[in-house]
Every structure is written in C-alpha cells, then in structure tokens.
Amino acid sequence: MESKDILAMVVKAADGRRAEDIVALAVDQLTPMADYFVMMTGGSNRQVQAITNAIVEAAHENQVEIGSVEGKDAAQWVLIDLGDVVVHVFREETRAFYKLEKLWSEAPLVDLSQWLPEK
C-alpha cells in the first residue's frame, strides 16, 4: 500500500470511531522518518483505545505492517507506527500540552475532506 492509501485507511478508521480534530501533516520534506503524521483526539481513555483498535484492525485487514503501538494502556497519547504514516491518538489535554502541530508547523496540512463525511 502506498503511504497516501495508508493515510486514507487511518482517517476512515479513526472517523468510524468518532475521533475528533483529525489532522494530517505531510512531513516527507522535513524528515526521513515518515511521509505523514496524523493526529487526532479521543474524548476519553476508552475512546482513545477504541480509535487505536480500529486503526490497528484496519492495518491488519489491509496487510499494513505495524512497527509498534506505544501508550495504549495509559491511553493519553498512543503512537501507532505504520511505517510511512505515524499516527498519534491523544486525549484532549495531552494534545494541547505537547502541541505537535506547532512543533511540525513547517509541514503542510493534508486535505482530508475526501475521506471525511461533511458534518
């Protein structure tokens, strides 16, 4: 799967579990680590875990290799390494504290509207 296809899979899986404020940054010109960073928020620990599970299940179904899943038990900030796509699932207060979007502000935002239904 191409990195853009993995990004679409992640966004759809997260939206299916009602992730909030889903943002993707194209970081391929800034770091060799990944093509995209995806950030989203869950309203509770349980929702963060449900979003994480949905993304991991979608990756398994699409034979996308999962490098690692970190932080799932604490459910404050879960990192899912899908190779060229790195996913961050946050609780709201943790996302506000770390401000990854600001840290990577040089990276252009990716338009996710094609994968997200209008609300």
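Just a few scattered comments:
- Any hit, the range 83-95, residues being free of Cβ contacts under 8 Å to residues at least 40 places away in the same chain and farther than 19 Å from Asn45 by Cα: no
- Applying the criterion of being out of contact with any strand residue (DSSP E or B) (no Cβ under 7 Å at 6 or more places or on another chain) and not hydrophobic (A, V, I, L, M, F, W, C) to the residues of the range 99-110, the residue that is nearest to Thr31 (Cα to Cα) is Glu106.
- Of everything in the range 86-119 that is of a type in the set (Lys, Arg) and under 13 Å from the mean Cα position of the chain (by Cα), the residue that is farthest from Asp35 (Cα to Cα) is Arg91.
- Pairs where the first residue, in the range 24-41, is farther than 12 Å from Val110 by Cα and the second is in a strand (DSSP E or B), C-beta under 6 Å, 6+ apart: Ala34/Val86; Met40/Ile22; Met40/Val89; Thr41/Glu20; Thr41/Asp21; Thr41/Phe90
- For Ala75, the stated conditions do not hold, so it cannot be described as under 20 Å from Trp115 (Cα atoms), touching a helix residue (DSSP H, G or I) at 6+ places or on another chain (Cβ under 6 Å) and of a type outside the set (S, T, N, Q).
- Residue in the range 23-32 that is modelled with pLDDT of 95 or more, in contact with a Leu (Cβ under 7 Å, 6 or more places away or on another chain) and small (Gly, Ala, Ser) present: yes
The values are calculated or read from the model by the stated rules, or taken from the named source; none is laboratory data. Please read all numbers here as calculations on a predicted model, not as lab measurements. Using ideal geometry, Cβ is built from the backbone for each residue, glycine included, and neighbour counts are taken over all protein chains shown.
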